[in-house]
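Trainee: One structure follows; several queries about it will come next.
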Amino acid sequence: MKAIAIIPLRKDSKGIPGKNKKKMLGRPLFSWVLTEAIFSDLDTVYVFTDDIEIIDYVNKNYAWTAKVKTLLRSDENASDTASTESTMLEFSEKIKHDYDLLCLLQATSPLTMAADINKVLEKITQECCDAALSVVKTHRFTWNSNGTPQNYDVFNRPRRQDFNGLLIENGAVYCTAKEVFLNSKNRVSGKIGLVEMPEETLLEIDSLSDWHCIENLLMERQKSMKRNQRIQYLVLDVDGVFTDGGIYYSADGELTKKFDMRDGMGLEILRENNVEVVVMTSENSALVAQRMKKLQIENTFLGVKDKFSFLKHFLTSKNSSFEAVVYVGDDVNDLTNLCSCGWSFAPKDATTAVLNHVDVVLNHASGQGAVREVCEFILKYNKRYE
């Protein structure tokens with residue numbers, strides 16, 4: 001059974017300008033649900049948008065998976081008045097209805113996890129539903145505008161533990177079988193299954209206050225999943241970690257960067273002790289490539305914009321996990337990985353946003369022995385697992 005997903009994105013947003021591309025925890029908003037979709041049981045994930053910049057970004061930064069595709073959305077169905085159903089129907093027609101299950105994922109629900117997507121799919125594939133959607137159970141008492149209660153007796157107010165609560169759509173995940181969708185032209189119809197998600201996922205992004213609340217929730221969620229084990233990988237940013245963050249230019253472009261020779265010796269000792277070194281930077285620098293080749297770091301990845309999704313892909317290919325990683329970064333594009341990996345470090349001169357959320361602030365500044373200090377920590381730490 002072929003299960004695909006559509007993530008509809010509009011170029012314009014009145015509430016928060018450029019919302020879908022705005023960085024949440026250092027990553028474009030849409031990349032949160034896109035990454036979870038990639039690592040779910042879906043067969044293909046389509047980013048359906050009228051924004052050419054997003055299409056170019058996705059095609060370039062998710063080339064490591066054949067699961068992600070982009071498709072241009074019409075101006076008509078990207079307007080303020082267009083319905084989500086009309087967008088889904090346009091999409092379905094454009095791919096010639098080549099699916100069995102169509103899943104709608106919303107970028108404004110970045111707390112959605114791969115497990116949530118899988119549970120919605122299972123409602124149809126294993127429980128014989130025609131469609132399914134995600135909901136949240138909330139123990140709130142609701143009222144009519146005329147001052148009458150909707151769901152409880154004011155003279156017999158139930159205790160929270162005795163109150164079944166209400167199931168409310170959280171707008172995160174919808175899924176439908178093709179036949180019922182094409183007949184009803186609605187995202188859910190026929191026999192509908194419900195999948196409960198955590199109560200905090202009821203919050204959607206319609207304002208900047210929503211944005212800040214969800215960003216904090218994401219940060220704490222990632223940190224709560226941290227676990228410690230023997231360290232297998234040291235993952236390093238370059239500028240502001242290996243170097244002091246300065247770049248010297250000539251008329252011909254990038255001229256030189258400064259590296260600390262002591263870092264190279266520390267990395268060599270790490271490799272001798274079976275810790276693999278990975279370099280991941282958003283820049284495409286010939287100087288960095290040359291230096292990493294000199295240091296014999298085979299896993300050097302340049303031009304990586306979505307560092308979290310790429311690191312998750314890398315670790316999955318190695319049959320490993322974030323728990324086995326020490327990550328060193330200095331700026332906001334490293335934040336998600338710093339909050340997710342088993343151990344996180346930052347040079348003492350990293351940005352304040354990073355210093356506030358890492359496990360260890362190093363005694364050394366960037367480009368001045370910070371990497372060597374991390375190497376020495378790992379060597380001591382791993383002895384407890386010998």
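Trainee: Of the candidates 43, 260, 162, which one comes out as most mobile in a Gaussian network treatment of the chain with C-alpha springs shorter than 10 Å?
Mentor: It is 162.
Trainee: Moving to a separate point now. Where does the chain land at 222 nm, in deg cm²/dmol rounded to the nearest 500, when only DSSP H runs of n ≥ 4 count, each adding -39500 (n - 2.57), divided by all residues?
Mentor: -9500 deg cm²/dmol
Trainee: What is the ratio of the Cα radius of gyration of segment 3-224 to 2.2 N^0.38 Å, with N the residue count, to two decimals?
Mentor: 1.07
Trainee: Give, in nm to one decimal, the length gained when the segment between residue 208 and residue 85 is fully stretched (0.36 nm per residue of separation minus the Cα-Cα distance).
Mentor: This chain segment gains 41.6 nm when fully extended.
Trainee: I need to check one value: relative contact order of the chain, counting alpha carbon pairs closer than 8 Å and at least 6 residues apart, in percent.
Mentor: Relative contact order comes out at 15 percent.
Trainee: Please give me the summed charge of the neighbours of residue 385: other residues whose Cβ is under 13 Å from its Cβ, Lys and Arg +1, Asp and Glu -1.
Mentor: That works out to +2.
Trainee: While we're here: How large is ³J(HN,Hα), in whole Hz, for each residue of segment 184-195 in order, when computed from phi with the Karplus curve 6.51 cos²θ - 1.76 cosθ + 1.60 and θ = phi - 60°, using x for Gly and Pro?
Mentor: 8, 6, 10, 5, 9, 6, x, 7, 10, x, 10, 10
Trainee: Order of 13, 109, 83 from fewest to most other C-beta atoms within 10 Å?
Mentor: Ordered by Cβ neighbours within 10 Å, fewest first: 83, 13, 109.
Trainee: For Kirkwood radius over Cα pairs in Å, the choices are (i) 21.3; (ii) 23.1; (iii) 20.6; which was calculated from the structure?
Mentor: (ii)
Trainee: With a bin width of 10 angstrom, please list the P(r) values of segment 233-385 as percents of all Cα-Cα pairs, from the 0 bin to the one holding the largest distance.
Mentor: 11, 45, 37, 6, 1, 0
Trainee: Related question: Set the Förster radius R0 to 45 Å, insert the Cβ-Cβ distance between residue 289 and residue 150 as r into 1/(1 + (r/R0)^6), and round the FRET efficiency to 0.05.
Mentor: 0.10
Trainee: Treating only the Cβ of Lys, Arg, Asp and Glu as charged (+1, +1, -1, -1), what charge dipole size does the chain show about its Cα centre? Round to the nearest 20 debye.
Mentor: 640
Trainee: For segment 233-385, what's the relative contact order in percent, using C-alpha pairs closer than 8 Å and at least 6 residues apart?
Mentor: 27
Trainee: How many nm is it between the label spots at residue 353 and residue 227, if each spot is 7 Å from the Cα in line with the beta carbon?
Mentor: Between residue 353 and residue 227, the simple spin-label model gives 3.0 nm.
Trainee: Along segment 49-58, what does the Karplus equation 6.51 cos²θ - 1.76 cosθ + 1.60 (θ = phi - 60°) give for ³J(HN,Hα), rounded to whole Hz, x for Gly and Pro?
Mentor: Computed from phi, the couplings for segment 49-58 are 8, 9, 9, 4, 4, 5, 4, 5, 4, 5 Hz.
Trainee: Once label points are set 7 Å from the Cα along Cα→Cβ at both residue 66 and residue 122, what is their separation, rounded to one decimal in nm?
Mentor: Those two pseudo-labels are separated by 2.8 nm.
Trainee: Quick check on the exposure proxy: order 71, 101 from fewest to most C-beta atoms within 10 angstrom.
Mentor: Placing the least packed residue first, the sequence is 71, 101.
Trainee: Computed FRET efficiency, Cβ-Cβ of residue 318 and residue 262, R0 22 Å: what is it to the nearest 0.05?
Mentor: Approximately 0.20, to the nearest 0.05.
Trainee: For segment 277-289, in order, what is each residue's ³J(HN,Hα) by Karplus, 6.51 cos²θ - 1.76 cosθ + 1.60 with θ = phi - 60°, in whole Hz (x at glycine and Pro)?
Mentor: For segment 277-289, the Karplus-derived couplings read 9, 10, 10, 9, 9, 7, 8, 9, 10, 5, 5, 5, 4 Hz, x marking Gly and Pro.
Trainee: Collect residues whose amide H, placed 1.01 Å from N in the peptide plane, falls under 5 Å from the amide H of residue 349; neighbours closer than 5 in sequence don't count.
Mentor: Here 366 satisfy the definition.
Where a number appears in this text, it was derived from the coordinates with a stated rule and is not lab data. Just so it is clear, the model here is predicted, and its values are computed rather than measured. Note that we place each Cβ from the backbone using ideal geometry, even for glycine, and neighbour counts take in every protein chain shown.
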